[in-house]
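Q: First the structure, then my questions, so here it is.
The values are calculated or read from the model by the stated rules, or taken from the named source; none is laboratory data. As the structure is a computational prediction, the values presented were derived from the model and not from experiment. Virtual Cβ from ideal backbone geometry, glycine too; neighbours counted across all protein chains shown. For accessibility, only protein heavy atoms count, side chains too; no ligands or nucleic acids. Shrake-Rupley method; radii C 1.70, N 1.55, O 1.52, S 1.80 Å.
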Amino acid sequence: MPYLKTPSLLLTGTAMMLGLSAAQAAEYEWKFQASETAGEPSFQIKQEWADRIETMTDGRVSIEMLPINAVVGPTETLQAVSSGILQGHMTDPSYFSGQDPAFGMIGNLVGAWNDPYDFLEFMKQGGGEALYNELASPYGTHLISAATFPLESIPSTVEVDSIADFEGLKIRAPQGMVYNIFERIGATPVNLPGSEVYTGLEKGVIDAADSTVLSNNDAMGIHAFAPYPLYPGFHSMPMIAVSINQDIWDGLPEDIQTTLETAFDGMAYDLIARLKAQDIETLQALNQNADVTPIDLPAEERKAFRQAAEQEWAEWAGRNEMTQKIYDQATAFLEARGQL
């Protein structure tokens, strides 16, 4: 007669197995800081993908997504990842323009991209990711994947119907190329972190803001103070550098590296599609709101902005060897597609 475990023995065995499972930690536990607040839709999408990677790696990798300012300020994540304070970040490289203008140029070649998928094609097929890793490697970080948003909106407290209306407009802009281009068209840029856009508009510190996509802005309640959003976007489409500490990357087995690259490439396309759908839904709701007036700049005004942007690209190209490489590669890409 075969030996049968009693119910008490079965329970004891189950409890021991559960205890062992609970005690087992992931092989790799990392903290990544983003450049959005926890309530923004884009942050929530990033968080979902971080959780998905744990499933894709059978629990070997655990990534805790942290919102902006959780550990360090947005301009400090490059050093934090390099030093191991953070293990990774998902942020706009333009924040690091003060360390090297090439971060600002590749992070946000303002006015260049008519569509976010053009930017992803440049990064993934046109040599952009290799250029970024050449730039970032001396800073002890490795780019896993480049992502981006749909073209950003500009929430404004006053009507802006032409490029001329930017004259004297106090507009929030991060340091980097976008700041300089707004200066070029006559605006008065104010360097505020994204986390201060809401209070800046509410208190009248700024009149308008270069600040993420329409749905993110609406989720933050910004249109209560800035009821004239410029949409569809025409100016800024910042890169999201999904990066990790270089030493950590170099020490990972190939299967984990491949999974991370595949997952974050998937996130890049998912992020665009989902935010675009949310933007369209938000626009429909705003069009029914008598207190908010979305403004679509005419084609000739968009062309005037692009012309100013191209002048700024050429000026930045001469700043150092990397900015020239980025300029040459990006303009060749655009010219080959009839977009320049």
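Q: On the basis of being without any contact (Cβ under 8 Å) to a residue 60 or more places away in the chain, buried (at least 20 other Cβ atoms within 10 Å of the Cβ) and of a type in the set (S, T, N, Q), does SER211 make the cut?
A: For SER211, the condition - without any contact (Cβ under 8 Å) to a residue 60 or more places away in the chain, buried (at least 20 other Cβ atoms within 10 Å of the Cβ) and of a type in the set (S, T, N, Q) - is met.
Q: Have a look at LEU86, LEU109, LEU131 and point out the one that is open to solvent by less than 30 Å² (accessible area, probe 1.4 Å) and closer than 16 Å to PHE32 by Cβ. Talk me through it step by step, then tell me what you get.
A: Working: LEU109 fails: closer than 16 Å to PHE32 by Cβ; LEU131 fails: closer than 16 Å to PHE32 by Cβ.
Answer to the selection: LEU86.
Q: Restricting to the stretch 160-196, name every residue that is part of a loop (DSSP other than H, G, I, E, B), at pLDDT 95 or above and among the aliphatic types (A, V, I, L, M).
A: Hits for the stretch 160-196 are VAL160, LEU169, ILE185, ALA187.
Q: Could you list all residues from the stretch 226-250 that are among the aromatic types (Phe, Trp, Tyr) and touching a Pro at 6+ places or on another chain (Cβ under 8 Å)?
A: TYR228, TYR231
Q: Across the stretch 51-68, what is the total count of residues that are modelled with pLDDT of 95 or more and in contact with an Asp or Glu (Cβ under 8 Å, 6 or more places away or on another chain)?
A: 6
Residue-wise test of (1) out of contact with any Gly (no Cβ under 7 Å at 6 or more places or on another chain); (2) under 22 Å from THR55 (Cβ atoms); (3) part of a helix (DSSP H, G or I); (4) acidic (Asp, Glu).
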residue	(1), (2), (3), (4)
SER215	yes, no, yes, no
GLN257	yes, yes, yes, no
ALA268	yes, yes, yes, no
ILE280	yes, no, yes, no
ASN289	yes, no, no, no
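Q: Further question on the same structure: Here is a list: SER137, SER211, SER156, SER145. Which entry is more than 23 Å from ALA268 (Cβ to Cβ) and among the small types (Gly, Ala, Ser)?
A: Answer to the check: SER156.
Q: Can you tell me which condition THR55 does not meet? The list is (1) out of contact with any Phe, Trp or Tyr (no Cβ under 6 Å at 6 or more places or on another chain); (2) hydroxyl-bearing (Ser, Thr, Tyr); (3) open to solvent by 10 Å² or more (accessible area, probe 1.4 Å); (4) under 22 Å from GLN246 (Cβ atoms), and all the others hold.
A: The number of the failed condition is (4).
Q: Still on this structure: Hey, any hits in the stretch 222-230 for a residue that's touching a Phe, Trp or Tyr at 6+ places or on another chain (Cβ under 8 Å), buried (at least 19 other Cβ atoms within 10 Å of the Cβ) and closer than 27 Å to GLU64 by Cβ?
A: Scanning the stretch 222-230, I find no residue that is touching a Phe, Trp or Tyr at 6+ places or on another chain (Cβ under 8 Å), buried (at least 19 other Cβ atoms within 10 Å of the Cβ) and closer than 27 Å to GLU64 by Cβ, so the answer is no.
Q: Also: Out of all the residues in the stretch 13-34, is one or more of a type in the set (A, V, I, L, M), at pLDDT 95 or above and surrounded by 14 or more Cβ atoms within 10 Å (Cβ to Cβ)?
A: First, the residues of the stretch 13-34 that are of a type in the set (A, V, I, L, M): 15-18, 20, 22-23, 25-26, 34.
Narrowing further to those that are at pLDDT 95 or above: 34.
From the residues that got through so far, the ones that are surrounded by 14 or more Cβ atoms within 10 Å (Cβ to Cβ) too are 34.
Yes, the stretch 13-34 contains a residue that is of a type in the set (A, V, I, L, M), at pLDDT 95 or above and surrounded by 14 or more Cβ atoms within 10 Å (Cβ to Cβ).
Q: Of the residues ASP255, ASP265, ASP218, ASP210, which is of a type in the set (D, E, K, R) and closer than 16 Å to PRO174 by Cβ? Break it down stepwise before answering.
A: On the way: ASP255 fails: closer than 16 Å to PRO174 by Cβ; ASP265 fails: closer than 16 Å to PRO174 by Cβ; ASP218 fails: closer than 16 Å to PRO174 by Cβ.
Criteria check complete, one pass: ASP210.
Q: Spot the failing condition for VAL72; the list is (1) in contact with a helix residue (DSSP H, G or I) (Cβ under 7 Å, 6 or more places away or on another chain); (2) open to solvent by less than 10 Å² (accessible area, probe 1.4 Å), and only one is missed.
A: (2)
Q: While we're looking at this one, here's another question. Which ones in the stretch 251-268 are touching a residue at least 60 places away in the same chain (Cβ under 8 Å) and either open to solvent by less than 10 Å² (accessible area, probe 1.4 Å) or among the charged types (D, E, K, R) (or both)?
A: Those that are touching a residue at least 60 places away in the same chain (Cβ under 8 Å) and either open to solvent by less than 10 Å² (accessible area, probe 1.4 Å) or among the charged types (D, E, K, R) (or both): ILE256, LEU260, GLU261, ALA263, PHE264, ASP265, MET267, ALA268.
Q: Mind listing whichever residues of the stretch 301-312 are open to solvent by 80 Å² or more (accessible area, probe 1.4 Å) and either of a type in the set (S, T, N, Q) or modelled with pLDDT of 95 or more (or both)? Spell out how you get there, then give the answer.
A: If we filter the stretch 301-312 for residues that are open to solvent by 80 Å² or more (accessible area, probe 1.4 Å), which is where we start, we get 303, 307, 311.
Residues satisfying the conditions are GLN307, GLN311.
Q: Next up: State the number of residues belonging to the stretch 179-198 that are open to solvent by 60 Å² or more (accessible area, probe 1.4 Å) and over 25 Å from ASP115 (Cα atoms).
A: Here the count works out to 4.
Q: Output the residues belonging to the stretch 140-165 that are among the charged types (D, E, K, R) and open to solvent by 20 Å² or more (accessible area, probe 1.4 Å).
A: Within the stretch 140-165, GLU159, ASP161, ASP165 qualify.
Q: Let me ask another. Looking at (1) surrounded by 24 or more Cβ atoms within 10 Å (Cβ to Cβ); (2) modelled with pLDDT under 95, which one does ALA136 not meet, given that it meets all the others?
A: Here ALA136 clears every test but (2).
Q: Then there's this: State which residue pairs qualify: first residue of a type in the set (S, T, N, Q) and inside the stretch 51-68, second residue open to solvent by 70 Å² or more (accessible area, probe 1.4 Å) in any location, beta carbons under 6 Å apart, and separation of 6 or more residues or different chains.
A: Within 6 Å, the pairs are SER62/GLU29; SER62/GLU54.
Q: Considering every residue within the stretch 319-331, establish whether at least one is crowded, with 18+ Cβ neighbours inside 10 Å, of a type in the set (D, E, K, R) and more than 30 Å from THR157 (Cα to Cα).
A: yes
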